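Data first, discussion second: the structure below is written as structure tokens.
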Amino acid sequence: MTTTTTEPQQDPRHQIAIPGPHPAVERLRHLVGNGSVDTVLLALPDMAGAWRGKSLSATAFLDRIEAGAPGWPLCSYVLATDPDMNLYDDFALTSLSTGLHDLMLRPDLDTLRVLPWRESTAVIVADAVNPSGHPIAVAPRQMLRDQIGLLAEHGLTTHVGFEAEWTVFQGTADRIARTGQFHPISARSLDLALDHPPAIEAYMEELRFGLREAELMVRTIQTEHGPGQFEVTFPPRDPLAAADTHLVLQDAVRRCATAAGWTALWMAAPITGGATSGVHVHLSLHHIDGQPLVTSDGHRLPDVVEHAIAGLLDALPDLAPLYAPYPNSYKRYRPDTGAPTRFVWGTDNRTCAVRVVNHGDGVHWEVRVAGADANAYLVLAAILAAIRHGIDHKLDLPKPCVGNAYLDAADAPQVPRTLTEALTAFHDSTLPGRLFTERVAQHYATAAEHTLDAHHRTVTDIELRHALGT
Ligand code: GLU
Ligand code: MG
């Protein structure tokens, strides 16, 4: 069994800069010197989209960088586990039987960012490479890098803006777990309100202030449709930066809620029958030099955009474990929630999986399939892969859905209703292997199997309620 990837290093898709002289080093020295930073989180996005890695003394970090260190060692199992950090022996990347070797965290110095909601702390996002410097193909950030590189080979790039939703509950996570009481911080919908109860206003202000200090350009922060639900949107940027930004946002959202005595949940369906939370991806396709793709006659979408959207509708049904990784993710795909149930597209139609928007910022489209629990890197990797699939095969765009897709699109492919259905489609299709390599597809199929197994073994509150007759 091999333990590391063997892709050739000269492949442009795998370029990860070796740390060296960089303006971020100078800047970090300055921040350490004036006392604003003493800790650096060297953060690897794991399979669940959480940061894992090293919390380092900022001075020690700088000293090692300036001494030319190629990276920091970390046990490879962080990329072969589940959210409970259970160990498994059936991931090809690493296991007990292969000795749980180290991978190396290689800092991407461009990502240096101070996190004002933590004490004197900055984050630097890391890529995972093996000790000889080759990228680890199953690392979510690497999967996105690969898909960006493959699209670039077509002379294309995307501009991406996330629209992220989450829900905030009263009390600490401990208290909620102890009492089982899940009460959103507002009793009713405050959707699009411009006047909020003072505590909610203060939370939004804290978040806005923190993100601005962290140099994150937020476009909007608002209360959303569900009680206790919020939404942030960001302006478009390159996909890797957009995904990095999303993880910083998740940290800010959680920390600011905790500071207020609350608990923020990035869950797709946090309340039975209640509002669901998505991570919608707004994106546009551009020539690699940044020029937008223009319509030929001012009405039709350019052919390449039509193929791209057709690719999303054709491939996303088979890639769901990448953007809907948990059983809870599928509880979001219900009629009338704003989450899609059918793979259809429409012009400014929020009942569709893909909503084409032809006003405001110009032509772009919104992919509405991913839930708040998704890993931003994997969501984007799946989307870019699906776009490339459509372009490669010059897929024809089906007719748009002009009505209510929950009712009127019964002939279109259905969004998988469970993780089991999604995993079956992922297994049965040749697309995951073709778009991501067999090795990567197998890694994520294995992860989904373990997730499902854990859920199948877990006694849930509905079972207890039925038994108790309550
Ligand atoms: N909350 C909805 C979802 O789960 C989307 C609402 C909206 O259109 O912003 O995707
Ligand atoms: Mg929304």
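At a glance:
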| quantity | calculated |
| --- | --- |
| Rounded accessible area of residue 132 (nearest 10 Å², 1.4 Å probe) | 80 |
| Förster-model FRET efficiency, 25 Å R0, residue 101 and residue 428, C-beta, rounded to 0.05 | 0.15 |
| Pairwise label distance in nanometres, residue 183 with residue 439, each label 7 Å out on the Cα-Cβ vector | 5.3 |
| Inter-label distance for residue 85 and residue 219, nm, one decimal - labels placed 7 Å from Cα along Cα-to-Cβ | 3.7 |
| Inter-centroid distance (Cα atoms) of the range 83-110 relative to the range 440-470, Å | 24 |
| Counting DSSP beta bridges with both ends in the chain, the antiparallel % (nearest 5) | 85 |
| Whole-number D in µm² s⁻¹ for the range 324-453, Kirkwood Cα-pair radius fed into Stokes-Einstein, 25 °C, 0.890 mPa s | 156 |
| 365, 262, ranked by accessible area, largest first (probe 1.4 Å) | 262, 365 |
| Relative contact order, percent, the chain [alpha-carbon distance under 8 Å, six or more residues apart] | 14 |
| Sites matching trypsin sites (Lys or Arg not before Pro) across the range 283-345 that sit in DSSP coil, with at most 16 neighbouring C-beta atoms within 10 Å | 300 |
| Förster radius 51 Å - calculated FRET efficiency between residue 394 and residue 26 (Cβ-Cβ, nearest 0.05) | 0.60 |
| Relative contact order (%) - the range 292-426, alpha-carbon pairs under 8 angstrom, separation at least six | 38 |
| Highest-first arrangement of 161-169, 62-70, where packing means the average Cβ count within 10 Å | 161-169, 62-70 |
| Loop-resident sites, the range 186-234, for GluC sites (Glu not before Pro), counting at most 14 other Cβ within 10 Å (DSSP) | 215 |
| Percentage, to the nearest whole number, of Cα pairs in the chain over 29 Å apart | 49 |
| Calculated P(r) of the range 43-82 - Cα pairs past 14 Å, % | 54 |
| Spin-label pair residue 467/residue 454, simplified geometry with 7 Å Cα→Cβ offset, distance in nm | 2.2 |
| Trypsin sites (Lys or Arg not before Pro) within the range 194-248, DSSP loop, no more than 15 other Cβ atoms inside 10 Å | 219 |
| Coordinate range along principal axes, alpha carbons of the range 14-100, Å, largest first | 47, 25, 21 |
| Accessible surface ranking that places the most exposed of 77, 444 first, with a 1.4 angstrom probe | 77, 444 |
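The values are calculated or read from the model by the stated rules, or taken from the named source; none is laboratory data. Everything quoted here is computed from the prediction, not taken from an experiment. Reconstructed Cβ throughout: ideal geometry from the backbone, glycine too, with neighbour counts over all protein chains shown. Note: areas computed on protein heavy atoms with side chains; ligands, DNA, RNA excluded. Shrake-Rupley method; radii C 1.70, N 1.55, O 1.52, S 1.80 Å.
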